[in-house]
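One structure below.
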Amino acid sequence: MSRKEHLTNEGLQKIVNIRATINRGLPDELKIAFPNTIPVPRPLVKVPKTFDPYWSAGFASAEGCFFVKIIKSSTHNIAFQVQLVFSISQHYRDEQLMRSLVSYFDCGRYVCRNNKDFCEFIVTKFEDINLKIIPFFKKYSIIGVKI
């Protein structure tokens, strides 16, 4: 951008080539407008054997959330079950990273949504949230605000 390459046809094509690589690729309008698009190969990122806990806290802050799930249930007196959930989601191509979070936090499970383009590291067991996830964030606090 600082060299103003994006103002030329070739520079704009480079940007479109990069955009074609990101998640869902190009919308139909851009495919028609740029028929010579060649997606840029994505670099293979190796998942480290261990994570820096501050990186993990920041990653969870950006990509994760806590939420309350209410499920219909015939086994509960009020016909509903209330569940606290911690979830981090990513594009399905990051499967290895999401699976590694299960061993890193020593809890939860990996779930890939077949009808969507994402997968999740998800923790639903209250004991794991209470004894592993929450203490982790107390020790490695998130810097910033998530609303």
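One line per residue, one yes/no per condition, for (1) in contact with a Pro (Cβ under 6 Å, 6 or more places away or on another chain); (2) part of a loop (DSSP other than H, G, I, E, B); (3) surrounded by 12 or more Cβ atoms within 10 Å (Cβ to Cβ); (4) in contact (Cβ under 8 Å) with a residue 60 or more places away in the chain:
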| position | (1), (2), (3), (4) |
| --- | --- |
| SER2 | no, yes, no, no |
| GLY11 | no, no, yes, no |
| GLY25 | no, yes, yes, no |
| PHE59 | no, no, yes, no |
| LYS69 | no, no, no, no |
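For ILE142, indicate whether it is β-branched (Val, Ile, Thr) and closer than 21 Å to TYR54 by Cα. Please lay out each step first, then the result.
On the way: β-branched (Val, Ile, Thr): yes; closer than 21 Å to TYR54 by Cα: yes.
It is true that ILE142 is β-branched (Val, Ile, Thr) and closer than 21 Å to TYR54 by Cα.
Could you tell me which residue of the range 13-36 is farthest from the chain's Cα centre (by Cα), considering only residues that are of a type in the set (A, V, I, L, M) and under 20 Å from ASP117 (Cβ atoms)?
For the range 13-36, the residue satisfying everything is LEU30.
Condition first: surrounded by 15 or more Cβ atoms within 10 Å (Cβ to Cβ), free of Cβ contacts under 8 Å to residues at least 40 places away in the same chain and not hydrophobic (A, V, I, L, M, F, W, C). Now tell me which residues in the range 97-124 satisfy that.
ARG99, GLY108, TYR110, GLU120
Can you tell me which residues in the range 71-87 are assigned to a loop (DSSP other than H, G, I, E, B) and not hydroxyl-bearing (Ser, Thr, Tyr)?
Step one: of the range 71-87, the residues assigned to a loop (DSSP other than H, G, I, E, B) are 73-79.
Listed by number, the residues that qualify are HIS76, ASN77, ILE78, ALA79.
Readers should treat all values here as calculations from the given coordinates under stated rules, not as data from a laboratory. For clarity, every value in this text was computed on a predicted model and none was experimentally measured. Here Cβ is always computed from backbone atoms with ideal geometry, including for glycine, and neighbour counts include all displayed protein chains.
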